[in-house]
């Protein structure tokens, strides 16, 4: 039996918006993503999906435009409440919460505090809620059974955060990568290539190796920065070949989708009343 899989080729790093953009370019309907994010009830949030060509490569730039006035620094409990009450399929909620909990644990270790006292700042902002939930919902809608990723480039220099200038990779990013023993490769560039959100998604959900597969779709998700190469993450979507199937303990993300070999709408099997 074959399974639909996704392999993220992170030749220029990974951020939440780049990962979502790659799924959009590979076939995730933008309208479906908008529908999923609307279920979070975040208020004045607008999503943008722009097709661009950079250095001869066509792809998608995904952006989250927070047009509201209130931008609270949410803690894990607030994030869990938002995701928990959203009318999303249970696997999407579970994956999203798992990613945020892992991120909170990394932030707590870095700052010498507890998970309960972590305020996410950048990663608790609306754009990261959209990126994490949108990515998990995209995997579900595309019926991805297993997720893989390439080694990650580290980049260099410093990045400006709520805590001032910090070295690249940012401390929370490096904590996530170290805990997962993710393979890292140097890339001589001054800039943050892997963000905390990108690191949390991949270290929580992906197995870091390239699988044997039959590629059926390819997507490019662009980042904001400009380099001497296309600043993108590339996703390969297709069917795994039997020889590549890893042992169960290797999987960070092993999602047995209820429609893994069908083409029904992924929401037809489950619907809860919309929250008030």
So for the stretch 48-62 (the condition being surrounded by 14 or more Cβ atoms within 10 Å (Cβ to Cβ) and within 12 Å of residue 129 (Cβ to Cβ)), does at least one residue qualify?
no
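Test residue 21 against the criterion of being touching a strand residue (DSSP E or B) at 6+ places or on another chain (Cβ under 8 Å), in a loop (DSSP other than H, G, I, E, B) and surrounded by 14 or more Cβ atoms within 10 Å (Cβ to Cβ), and give yes or no.
Values: touching a strand residue (DSSP E or B) at 6+ places or on another chain (Cβ under 8 Å): yes; in a loop (DSSP other than H, G, I, E, B): no; surrounded by 14 or more Cβ atoms within 10 Å (Cβ to Cβ): yes.
No, not satisfied.
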Any hit, the stretch 150-169, residues being more than 29 Å from residue 44 (Cβ to Cβ), in contact with a helix residue (DSSP H, G or I) (Cβ under 6 Å, 6 or more places away or on another chain) and in contact (Cβ under 8 Å) with a residue 60 or more places away in the chain:
no
Going through the stretch 30-64 in order, the residues found to be more than 20 Å from the chain's Cα centre (by Cα) and part of a strand (DSSP E or B) are 52, 53, 54, 57, 58
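Can we say residue 27 is outside any helix (DSSP H, G or I), over 15 Å from the mean Cα position of the chain (by Cα) and surrounded by 18 or more Cβ atoms within 10 Å (Cβ to Cβ)?
So residue 27 does not fit the description; no.
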Which residues, taken from the stretch 1-11, are out of contact with any helix residue (DSSP H, G or I) (no Cβ under 8 Å at 6 or more places or on another chain) and either assigned to a strand (DSSP E or B) or within 24 Å of residue 185 (Cα to Cα) (or both)?
4, 5, 7, 9, 11
Considering 141, 160, 102, 109, which residue is closer than 20 Å to residue 235 by Cβ and out of contact with any strand residue (DSSP E or B) (no Cβ under 6 Å at 6 or more places or on another chain)?
141
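Taken together, the values in this text are just the output of simple stated rules run on the coordinates, not laboratory data. Every value quoted in this text rests on a predicted model; they were computed, and no experiment measured them. Positions of Cβ are generated from backbone atoms using ideal geometry, with glycine treated the same way; all protein chains shown enter the neighbour counts.
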